[in-house]
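Read-outs: derived from the displayed coordinates by stated rules, not from any lab. Because the structure is predicted, anything quoted here is derived from the model rather than measured. Note that each Cβ is placed from the backbone with ideal geometry, even for glycine, and that neighbours are counted across all protein chains shown.
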Amino acid sequence: MTRPGITVDIVAALQERLGSGDVFVDGPDVAPFMVDWWGRAAGDALCVVLPRGTGDVAKTVALCHDHSVPIYPQGGNTSVCFGAVPPARSGGIVLSLARMDAVLDVNPRDSAMTVQAGCLLAKAQAAALEVDRLFPLSLGAEGSCQIGGNIATNAGGTGVLRYGNMRDLVLGLEVVLPDGRIWNGLRTLRKDNSGYDLKNLFIGAEGTLGIITAAALKLFPIQPNVVSALIALPEIDGAVTVGTDLGTAFPGELTALELFSASQLRLVARHIANAACPLALDSPWFLLVDIASATSCKVLSERLVDRLAGATDAGLVADAVVAANERQRAALWHIRHSVTEANKTAGMGLSHDIAVPVFAVPSFVCLAGDAIGRAFPTAEIVIVGHLGDGNLHYNVMFGHDAWARVTDQARTRLEVSRILYDLAAQHRGTFSAEHGIGALHLEEMARYKDPVELDLMRTIKRRFDPRNIMNPFRVLPSAGCDKGSHL
Ligand SMILES: Cc1cc2nc3c(=O)[nH]c(=O)nc-3n(C[C@H](O)[C@H](O)[C@H](O)COP(=O)(O)OP(=O)(O)OC[C@H]3O[C@@H](n4cnc5c(N)ncnc54)[C@H](O)[C@@H]3O)c2cc1C
């Protein structure tokens, strides 16, 4: 169990400090921590540590720091960038926050709640609802992902248009630093200009600067009435126009603006029960919108129908359905939440999480469609996206058999990504909108990030974690992408 160059048996030392019930070495207790949600990345570790509190995390990190043992923090393990599982022969430990899942405080008078980092997102949402408040982060993995993981990846999801990314929802953090010290920044202040805003360094750092152990989060009033509609559109340009128009017509009330290609809705209908599209799939584009407000559903629906009638007259909208009740609304959102599962079942989806400025979405979609169509004529383009954020999940789908026949799969992946990421860069966009970098996008970091930006990031990493023990070989590529040197 001893790593080369390490004079102490780290597992025995951890078991002694924490108790053997918190440190797992092998067997079925350990296996799920080593494979990612998609089953596409797997690694190994000396042990899995499941601390019960911040003090345990600090003891674990201090010990690993003293002996330069890598730590791979893990939340709900739903990362789509291979960020939460250790690499093969990692020689490190997995530190899972799963047992630190308490809701510590919910205060509607402060519109804030404080939770441990291992609290499931769904549990945090439910705790807010109990005091008649909304915690607005919402994404497909909410039953499995944890608040700490959401913060570490600066998660997005379907509520960003109205409420912002996770970064916008965090008021304060408690973090165990790479040397084992605890930083207690667990404040619920709305204003605090007393020096650098340190919490923002840890948000989106994917566990490379420290371990988030607790968070103070913003809560919002619940908008009692929500109206949803599904809209069919003949042109992608029209989708942006209609989305912008709805934002103007419903200021502060438009809370979701989700885009689907018809191909995406077809896949969902084919693979998921009770998820057929209520509109004919003969238009190429569809929008799912939510309007949430204190105004009655009846008035909201009338205003929405009026607006859509105008857009139909202008030739922007082909057809639309406004949910008449909560059951119909849930059915529309069932389609949206089924996308990941449907795509996973349908074949090999080469998935890309790009973002461009909203106005540039039509240009990106047209140029990308042409380029992918020319290079990979048998692949199907399947798009779902958060249009209001300019964020497209752009899937290039190969059926299982077709993918098995691809002779050089790695090269195909690379060629597809190059086309899409180069185009995103040309549109002043990004290759990673909301999923992060993990171990997946190191080459893209080297290729597309401004060198000065990368240099500043490396400087921060070196200052915080000079021994490079916190989630090493994630987020930051080494100069020349040599994984051996990393910093
Ligand atoms: C079906 C599905 C739908 C999804 N939809 C969306 C979506 O709409 N929007 C979106 O943004 N993402 C989405 N994701 C991606 C994923 O759910 C999010 O990135 C989520 O925020 C990760 O949380 P987690 O707890 O699972 O973290 P993990 O996957 O366990 O970890 C993610 C990263 O954070 C680090 N980390 C985890 N916990 C901590 C901690 N306490 N302290 C420090 N570092 C930590 C890990 O080391 C890793 O680098 C989806 C994933 C799935 C499977």
Take ARG40, project a point 7 Å from its Cα along the Cβ direction, then tell me which residues of region 88-102 have their backbone nitrogen under 18 Å from it.
88
Note down the nm distance, to one decimal, between modelled labels 7 Å out along Cα→Cβ at ALA126 and at ARG418.
4.9
Just going by the charge dipole of the chain, with Lys and Arg at +1 and Asp and Glu at -1 on Cβ, which of ALA262, CYS64, VAL406 is farthest out on the positive end?
CYS64
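Express as a percent, rounded to the nearest 5, the fraction of DSSP beta bridges in the chain (both residues included) that run antiparallel. Please report the intermediate quantities before stating the final value.
On the way: 65 of 75 bridges.
If I count the DSSP bridges inside the chain, around 85 percent turn out antiparallel.
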Lys/Arg +1, Asp/Glu -1 at C-beta; the chain dipole; positive extreme among THR430, ILE354, LEU14:
LEU14
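If you place +1 on the Cβ of every Lys and Arg, -1 on the Cβ of every Asp and Glu, and leave all else neutral, what size is the dipole of region 1-139 about its Cα centre, to the nearest 20 Debye? List each step's numbers first, then the result.
On the way: 10 positive and 14 negative charges, 41 e Å.
Roughly 200 debye for region 1-139.
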Rounded to the nearest 20 debye, dipole of the chain from Cβ charges on Lys, Arg, Asp, Glu:
680
How much length would be gained if the chain were fully extended between ALA273 and ILE460, taking 0.36 nm per residue of separation minus their Cα-Cα distance, in nm to one decimal?
62.5 nm
Listing GLU453, GLU258 by rising number of other beta-carbon atoms within 10 angstrom, fewest first, gives GLU453, GLU258
Along Cα→Cβ, 7 Å out, is where each label goes; now give me the distance between the ones at SER263 and ALA371 in nm to one decimal.
1.6
Cut-off under 5 Å, modelled amide H: who pairs with ALA112 long-range
ASN107, LEU219
Relative to the chain, whose Cα atoms define the longest principal axis, helix 121-130 and its Cα axis are tilted in degrees, nearest 10, by 70
Listed here are the pairs LYS59/LYS191; LYS344/LYS449; LYS191/LYS218; which of them are more than 21 Å apart at the Cα?
LYS59/LYS191; LYS344/LYS449
In degrees, nearest 10, range 0 to 90: what is the angle between the Cα axis of helix 409-426 and the longest Cα principal axis of the chain?
70
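Under a Cβ-only charge scheme (Lys and Arg +1, Asp and Glu -1), can you give me the dipole magnitude of region 322-449 about the Cα centre, in debye to the nearest 20?
On the way: 12 positive and 13 negative charges, 10 e Å.
My answer is approximately 40 debye.
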Taking the dipole about the Cα centre of the chain, with the C-beta of Lys and Arg at +1 and of Asp and Glu at -1, give me whichever of ALA249, VAL49, PRO221 is farthest to the positive side.
VAL49
Given the rule -39500 (n - 2.57) for each run of at least 4 DSSP H residues, summed and divided by the residues of the chain, what is its mean residue ellipticity at 222 nm, to the nearest 500 deg cm²/dmol?
-10000 deg cm²/dmol
Mind pulling the angle between the C-alpha long axis of helix 451-464 and the longest principal axis of the chain? Nearest 10 degrees, somewhere in 0 to 90.
40
Assertion target for SER144, SER194, SER261, SER283, ordered by fewest C-beta neighbours within 10 angstrom first, is SER194, SER144, SER283, SER261
Exposed chymotrypsin sites (Phe, Trp or Tyr not before Pro) absent: longest stretch of the chain, with sites in DSSP loops and at most 15 other Cβ within 10 Å deemed exposed
197-487
Computed from the beta carbon distance with a Förster radius of 22 Å, FRET efficiency for ALA280 and HIS400 to the nearest 0.05 stands at 0.20
